[in-house]
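Asker: Handing you this structure, nothing more for now.
The values are calculated or read from the model by the stated rules, or taken from the named source; none is laboratory data. As the structure is a prediction and not an experimental result, all values here were calculated from the model. Methodologically, a virtual Cβ is constructed for each residue, glycine included, from the backbone with ideal geometry; neighbour enumeration extends over all protein chains shown.
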Amino acid sequence: MVTGGFGAKPAVLRCSRCGRLVDWNEARLQVVCGCRPHLDLPPVYVRPANDADRQPLTELLARDFGHTGTIVAYGEDVPLDDAPAIVAEMRDELGGVLVYRQRGDAFHIIALATDPMWQRSGVGGYLLAEAEIMTRRLGLARLVVATTNDNLPALYFYQRHGFEIEEVVPGGVLSHLGGREVTGFGGIRIRDEVRLQKRV
C-alpha cells in the first residue's frame, strides 16, 4: 500500500481483448478459459537491480502506484527509494521490478510492478521465483506480502503462486487514510489490509 496515493491507480492494466490501457477503478474481472492463443515471448532475464536501474525502476513504480515514496505494510511506513530490488528484463527493457526487505524470518515483498506492455507474459512469476530462491539462500522460512482488500488481481496472482492468506486486518488501511473512504479496483472500497505468506 502506498501512502498519500490511496484510491484509483493510474492506467496500469491492459485489456486482454483490445489492448487498451485501463484505469484501476474502471477495470473489471471476467471468467475466461484457457483458449487464449499461444504467444511466442522473448526470454525473461531476472537479476539484482543496479545503480543504472534506479531511474527506470522508480519510473515503473511511479507508473504502477501513481507515485513513489512510502509503502504502508504490516503497520509500518516502508520507504521504496533505498530498498533492494530485483528486475526482469525483456528485450533489454525493464519489464518488471520486485522491491524487498528482510522482516524477521521472512522475505518481505514490498512492491511488485510489471510494465503494462509485458503483463501476462510471465514477468511477475519469474520475479517471484527468484524471490523464492533468495528466500532459501538467506535461510528464511517464508515469503510475505501485504495488499489491500480491493486488489483482486494481486490476491489472484499471489494465491495462484502458492501464497495463502495469513491474516486480514479489518480497517487496517482506513487508519492510514484518516478515516477517509476511497475506492480502488473496480470501484471497491479500500478498507482492509490482507496479509499473505508462502512457506519455503
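Asker: Just one of (1) at pLDDT 80 or above; (2) assigned to a loop (DSSP other than H, G, I, E, B) trips up Leu57, so point out which.
Answerer: (2)
Asker: All but one of (1) among the aliphatic types (A, V, I, L, M); (2) at pLDDT 90 or above; (3) surrounded by fewer than 22 Cβ atoms within 10 Å (Cβ to Cβ) hold for Leu174; state the number of the condition that does not hold.
Answerer: All conditions are met except number (2).
Asker: So, Ala146, is that one under 24 Å from Leu41 (Cα atoms), modelled with pLDDT of 90 or more, surrounded by 17 or more Cβ atoms within 10 Å (Cβ to Cβ) and within 13 Å of the chain's Cα centre (by Cα) or not?
Answerer: In short, no.
Asker: Looking at (1) modelled with pLDDT of 85 or more; (2) crowded, with 21+ Cβ neighbours inside 10 Å, find the lone condition where Ala129 falls short.
Answerer: (2)
Asker: Using the structure shown, decide if Arg63 is modelled with pLDDT under 95, among the basic types (Lys, Arg) and over 14 Å from the mean Cα position of the chain (by Cα).
Answerer: no
Asker: Follow-up question, since we're still on this one. Taking the stated definitions as given, is Thr135 out of contact with any Ser or Thr (no Cβ under 6 Å at 6 or more places or on another chain) and at pLDDT 95 or above?
Answerer: Working: out of contact with any Ser or Thr (no Cβ under 6 Å at 6 or more places or on another chain): yes; at pLDDT 95 or above: yes.
So Thr135 passes the test.
Asker: With respect to Asp82, is the statement that it is assigned to a loop (DSSP other than H, G, I, E, B), surrounded by fewer than 20 Cβ atoms within 10 Å (Cβ to Cβ) and not polar (S, T, N, Q) true?
Answerer: In short, yes.
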